[in-house]
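A.B. asks: Before we start, here is the structure in question, set down as structure tokens.
No lab work stands behind these numbers, since they all come straight from the coordinates. Given the structure is predicted, the values throughout are model-derived calculations rather than measurements. So basically every Cβ, Gly included, is an ideal-geometry build from the backbone, and we count neighbours across all protein chains shown.
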């Protein structure tokens, strides 16, 4: 049912960008990767069947003709997912887990847990954040020794400016500098600006003008 709704659980192996142009441009297909089940001629015929005769098509990674067709409608989305195998404390759980791993064939991450025994739940939380590309950022007020116990959640790759916006819009306008505590830094705290890229479990102290 998800596939019919053009929702993918497995991350696509490639990407197709179709830039429709004015009449007279003709079709230009740039392949930076590999066509798995088609040729450039097949792509041209497919596009013309949808009355697309003037466009620049860029293919990266590994794609199929179905991927090309999906890109025409621009409605296919990728939703990160994982498989949670519960009741891992049962006697036949390990055997069933092997069957499940064989069936999934590496397309999705699998984690075995036991809700009753509280087994694997901590790793489940970590895997959820990793799968969804979410990072946790802890903040502290100037003068306080300990950060807030509740973190802000942001998408991986977010900057200090994204954090400031999520706290309050005025923080960006009145921003002076920030201090960041992180194990990866050569020294902590480190004085940084709005373009600093945050990572999971960073501790941030924002100073305003």
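A.B. asks: At 7 Å along Cα-to-Cβ for each site, give me the label-to-label distance between residue 124 and residue 69 in nm.
C.D. replies: About 3.9 nm, to one decimal.
A.B. asks: Let me ask another. For Rg and Dmax of the Cα atoms in Å, the choices are (i) 21.3, 86; (ii) 19.0, 61; (iii) 23.8, 68; which was calculated from the structure?
C.D. replies: It is the value labelled (iii).
A.B. asks: Turning to a different aspect of this structure: Which whole-number percentage describes the relative contact order of the chain, with Cα contacts under 8 Å and a sequence gap of 6 or more?
C.D. replies: Working: 331 pairs, mean separation 33.9, N = 209.
Relative contact order, the chain: 16 percent.
A.B. asks: If R0 is 30 Å, what FRET efficiency do you get for residue 144 and residue 195 from their C-beta distance, rounded to 0.05?
C.D. replies: On the way: r = 25 Å, r/R0 = 0.84.
Here the calculated transfer efficiency is 0.75.
A.B. asks: With r defined as the distance between the Cβ atoms of residue 91 and residue 133 and R0 fixed at 45 Å, what FRET efficiency is calculated, to the nearest 0.05? Write down the numbers at each step before the final one.
C.D. replies: Details: r = 36 Å, r/R0 = 0.81.
Result of the calculation: an efficiency of 0.80.
A.B. asks: Moving on to the next point. Quick one: angle between helix 93-104 and the longest Cα principal axis of the chain, in degrees between 0 and 90, rounded to 10, please.
C.D. replies: Approximately 40 degrees, to the nearest ten.
A.B. asks: Points 7 angstrom from Cα along the Cβ direction at residue 99 and residue 15: gap in nanometres?
C.D. replies: Computed distance between label sites residue 99 and residue 15 equals 4.0 nm.
A.B. asks: Also: From the helices alone, meaning DSSP H stretches of at least four residues, give me the mean residue ellipticity at 222 nm for the chain, per-run term -39500 (n - 2.57), in deg cm²/dmol to the nearest 500.
C.D. replies: Working: 6 runs with 55 residues, N = 209.
After summing the helix terms and dividing by residue count, I get -7500 deg cm²/dmol.
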